[in-house]
2 protein chains.
Amino acid sequence: MLTVSQQKVYDFIQKFVKEHQHAPTMAEIAKGIGITSRGVVHRYVAAIAQEGLINIIPGHRRNIQLLSPSNCLPLKGRIAAGSPIEAITDNETLDIVNIFLGKNRYALKVKGDSMIEEGIFDGDIVVCEHCEDAADGKIVVALVDNQEATLKRIKYNSDHTITLIPANQKLKPMTYPEDRIAIQGIYIGLLRFEG
Amino acid sequence: MLTVSQQKVYDFIQKFVKEHQHAPTMAEIAKGIGITSRGVVHRYVAAIAQEGLINIIPGHRRNIQLLSPSNCLPLKGRIAAGSPIEAITDNETLDIVNIFLGKNRYALKVKGDSMIEEGIFDGDIVVCEHCEDAADGKIVVALVDNQEATLKRIKYNSDHTITLIPANQKLKPMTYPEDRIAIQGIYIGLLRFEG
DNA sequence: AGTATAGAGAACAAAGTGAGATCATGCAAA
DNA sequence: TTTGCATGATCTCACTTTGTTCTCTATACT
């Protein structure tokens, strides 16, 4: 719940964005609501962000994003077996566009059960980001001998080999010399839906 | 997220392309936005490319391609253990906004392992659609005795009872008289991502 | 007294902006 | 083919703007 001043700031931001197509600076907000201190504005903006009405990217200018309900799902709470839904106090929302879309991102449909213990099932869509390097322990799309592409967890060994570890007890980790493996992307997340 | 200057450059490029059918040079952009340094323009253009709004072909003149921003992820193909990525011939895309957003949709964070065999893990986000009825066999958010909300598969029995079936061998299905169960929504899909 | 709200303003680090030099290279004219 | 210019690419320097974090003060209310 916003205080009176916070509401004034929020209203001003909305008006400003509508007029200018971009967010105001702290100083502009301060002037707009009739105070002089950028620090105070910052405090208000942080509070509004806490309420889930805006999103801020720390450190950047004009860093306030109004969370348009059109791209956001309300995050209602936590659900667990045998307990009521824990209400989430902040009005959290999920901006799914922001989460999954980005430069060099792409989707792959999963076939097979090799990552089933990570909850990656046959038919799921994994979202990946194209890149050629990955940190140890990440799930990657790896190309072996320029032929076989698989989704596995990667482990770098000290003897210049790479082990690709499936998440399925029935399958064995495989180790290759590092020059036989090319990383095609790293796993970002997962989508699953009917149809 | 573009800065104000970057936005000016992007707007100028769009206007220029519309007028001339080809991209402007760095110098033309510089003149267009009122600065003199080509180097600065290059920095802006690189930033816009980083955002994925344009594409640049390094080294060539008038090398900027406008990309249409969208809510779609390219669906590159199928990935399976031990086989190459099956390329999908059509440039299929996934409109993730369309898939998950909709009237009366909301998200819940999953706590616990009661649906683990369906690949719904602790920490996952399930997307649900609010409704009061669900077809037999669907996964639903069910409220028991107006107290406990759980995510379970639903089964209607002929004796006016309802069985809620977890997807975890360790947990037992539970059967209730139908008046003790209220459906709060049906499961639409699942999101999982880092952070 | 204790708490919540509101504001001022200083100080700092980082982001953003711009100029201009320099090099490499494509492209078209000679 | 060669040459020369326009252009892209990269870099450094300087400067301004802005976000962020402080501390200090004041007021209202319980």
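Listing for the model above:
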{"read-out": "Positions within segment A:95-146 being more than 7 Å from chain B (Cβ to nearest Cβ), crowded, with 18+ Cβ neighbours inside 10 Å and on the phi > 0 side of the Ramachandran plot, in sequence order", "value": "none"}
{"read-out": "A:K152 vs. criteria under 25 Å from B:R192 (Cβ atoms) and more than 24 Å from the chain's Cα centre (by Cα)", "value": "no"}
{"read-out": "Residue under evaluation B:K76, criteria (1) away from DNA strand D (no atom under 12 Å from the Cβ); (2) at pLDDT 90 or above, criterion not met", "value": "(2)"}
{"read-out": "Subset tally (residues that are within 13 Å of chain A (Cβ to nearest Cβ) and within 21 Å of B:V127 (Cβ to Cβ)) for segment B:169-193", "value": "11"}
{"read-out": "Flag if B:L66 is away from DNA strand C (no atom under 12 Å from the Cβ), over 20 Å from A:H130 (Cβ atoms) and without any contact (Cβ under 8 Å) to a residue 60 or more places away in the chain", "value": "yes"}
{"read-out": "Condition check for B:D159: open to solvent by 40 Å² or more (accessible area, probe 1.4 Å), among the acidic types (D, E) and either assigned to a strand (DSSP E or B) or closer than 30 Å to A:I186 by Cα (or both)", "value": "no"}
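The values are calculated or read from the model by the stated rules, or taken from the named source; none is laboratory data. Since the model is a prediction, treat every value here as computed from it, not as a measurement. Note: ideal-geometry Cβ built from the backbone for every residue, glycine included; neighbour counts use all protein chains shown. We work out accessible area using only protein heavy atoms, side chains counted, and drop any ligands, DNA or RNA first. Shrake-Rupley method; radii C 1.70, N 1.55, O 1.52, S 1.80 Å.
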